[in-house]
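Reviewing the structure listed below.
Every read-out reported here was derived from the displayed coordinates using simple, explicitly stated rules and does not represent laboratory data. Not measured: the values here are computed from a predicted model. Positions of Cβ are backbone-derived with ideal geometry, glycine not excepted, and every protein chain shown enters the neighbour counts.
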Amino acid sequence: MTMKSEQVANALISDILVGRYQAGERLPSERDLVSRFDANRGAVREAMAKVTQLGLAQVQPGGARVCARESASLDIIGHLLAQSELPDPLLLDQILLVINSLVSLAATQVLEHSTDDAIGEIRQLLVPLMRLDINDSEHGEARFALMHHIMQASKNLPLQLISRTLFEQFAPTASNALADFAAPDKERYAVYARQLDDALLSKDVAALRRCFSALDALNRETMTRAFMLAQLGQEAAAG
């Protein structure tokens, strides 16, 4: 897309996501958008094509109308997260809940269908999480590497596609807005990492699921605390 068409598309996407245009309402005409953004018709049409592709609008006789967010593509997640300097904490928690659930499901499939060598590779990725002397940045990278590898090892294409889409849209928020405030409880992570290692070694599916449930709660707690600290820092800077 050209810079101008990207500008028009992002403005329309933002207007829809913040509720300036409700589901069923008509978006501005092509002529109005050309005037508003000082753009040519080609740029406006390209922008509208992107909005339509995201599932946020549908072109009908008489103009484009807004669709409900629930019918949109998963690709709107990144746009939702980017609506403000700090992401919506509820949306953030919901994304983590889904990601962790997908990883747990993928790990179950690995345990049930993969070779001992594949399981051994995952166990090796747990080693950094058992250490207490690892720094926060390295700890975050180790958690990401573990989740990514489990997804790849699952050989489940739908899981891989959905999780990758969520990861790619979530990662900029986690690394830019919250990374400096995410201080993981390494002692608790180490405990769960050892428990997960035991579950993988014994191929205990029930224990594996309990471990991921505990890790899910801890990941979400870590991110919630990071958000609160980032918000306090933002308020302090503004005051």
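Miscellaneous remarks
- At an R0 of 22 angstrom, the distance between the Cβ atoms of R41 and E70 translates into a FRET efficiency of 0.10.
- Rounded to the nearest 10 degrees, the angle from helix 205-238 to the longest Cα principal axis of the chain is 50 degrees.
- Ellipsoid semi-axes in whole angstrom, largest first, where each is sqrt(5λ) of the Cα gyration tensor of the stretch 128-228: 22, 19, 12
- In this calculation the C-beta distance from L97 to V59 is compared with R0 = 25 Å, giving a FRET efficiency of 0.15.
- 0 to 90° range, to nearest 10: angle between helix 3-17 axis and the chain longest Cα axis: 80
- Placed amide H near A64: partners under 5 Å, 5+ positions off or other chain: L27
- Reported label for calculated semi-axes √(5λ) of the Cα gyration tensor in Å given (1) 43, 19, 13; (2) 41, 22, 14; (3) 23, 21, 19: (2)
- Remark: the Q152-R164 segment gains 3.3 nm on full extension, using 0.36 nm per residue and subtracting the alpha carbon distance.
- Cα centroid separation, the stretch 134-200 to the stretch 16-57 (Å): 37
- Nearest-ten-degree value, helix 89-113 long axis tilted from longest Cα axis of the chain: 50
- Electrostatic tally near E46: other residues with Cβ closer than 15 Å to its Cβ, Lys and Arg +1, Asp and Glu -1, net +2.
- Difference of contour (0.36 nm per residue) and Cα-Cα distance, R194 to E121: 24.8 nm
- Inter-site label distance for A11 and D88 at 7 Å from Cα along Cβ, in nm: 2.3
- For K4, the lysines whose Cα comes closer than 18 Å to its Cα, not counting residues fewer than 8 places off in the same chain, are K50.
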